[in-house]
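The structure appears right after this line, and notes come after that.
The values are calculated or read from the model by the stated rules, or taken from the named source; none is laboratory data. Every value quoted in this text rests on a predicted model; they were computed, and no experiment measured them. Methodologically, a virtual Cβ is constructed for each residue, glycine included, from the backbone with ideal geometry; neighbour enumeration extends over all protein chains shown.
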Amino acid sequence: MSQRANALADRLEQGARALAGFASTLTDAEWNTRIPGDGRTIGVVVHHVATMYPLEIQLAQLLAGGKPVAGVTWDNVHEMNADHARVNAATTKPAALGLLRQNSAAAAAAIRALGDAELDQAAPVSLNADAPLTCQFMLEDHAVRHSYHHLARIRAALKR
């Protein structure tokens, strides 16, 4: 197993645990609090992080195979996030936290399966102006960072 891949997977798991740990302490009112500037409820955002792990891993695996990430734009991302928020507006804490545990574990396992050569593989990424980015960068900037990013925004929304 690659030490780098294992370290990336560990960081993803740490972030997911931190998000799940904090979210598990929320009251119903806090779970349903809208995040300023985002508009989604905290519960929807926790579910969103869980839902995105498979896609984020899929995109990184494309790069690991030397294939470009093509046709993905920020408009697509915003549309997907809005659709997710509509469909999952009533998500429950147990459902979201269960999905977060399940999908973060699967994401970590997929990362651990990567070798150093795959982590170093680069190809154009449409989301980033077709810049040639490495699989490791894609993982760090998306799957690994995602829970940390949203946990910080949730804490700020709740002022704790």
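General observations
- Options 155, 160, 101, 145: the member that is modelled with pLDDT under 95 and under 16 Å from residue 46 (Cβ atoms): 160
- Among the candidates 101, 86, residue that is within 18 Å of residue 55 (Cα to Cα) and part of a helix (DSSP H, G or I): 101
- Residue in the stretch 73-95 that is under 17 Å from the mean Cα position of the chain (by Cα), of a type in the set (Lys, Arg) and under 30 Å from residue 129 (Cβ atoms) present: no
- Just one of the numbered conditions (1) surrounded by 12 or more Cβ atoms within 10 Å (Cβ to Cβ); (2) over 29 Å from residue 28 (Cβ atoms); (3) in contact (Cβ under 8 Å) with a residue 40 or more places away in the chain is not true of residue 88: (2).
- Meets criteria (hydroxyl-bearing (Ser, Thr, Tyr), touching a residue at least 40 places away in the same chain (Cβ under 8 Å), surrounded by fewer than 20 Cβ atoms within 10 Å (Cβ to Cβ) and touching a helix residue (DSSP H, G or I) at 6+ places or on another chain (Cβ under 6 Å)) for residue 2: yes
- Taking each residue of the stretch 114-130 that is touching a residue at least 40 places away in the same chain (Cβ under 8 Å) and farther than 16 Å from residue 1 by Cβ and looking for partners that are of a type in the set (Phe, Trp, Tyr) and surrounded by 15 or more Cβ atoms within 10 Å (Cβ to Cβ) with beta-carbon atoms closer than 9 Å, six or more apart or interchain, yields 122/137; 125/137.
- Residue satisfying all of: in the stretch 48-79; assigned to a loop (DSSP other than H, G, I, E, B) and not charged (D, E, K, R); surrounded by the fewest Cβ atoms within 10 Å (Cβ to Cβ) among these: 71
- Among residues of the stretch 18-27, those that are in contact (Cβ under 8 Å) with a residue 40 or more places away in the chain and either more than 12 Å from residue 96 (Cα to Cα) or of a type in the set (S, T, N, Q) (or both), counted: 4
- Per-region count, the stretch 28-46, residues polar (S, T, N, Q), within 18 Å of residue 100 (Cα to Cα) and part of a loop (DSSP other than H, G, I, E, B): 1
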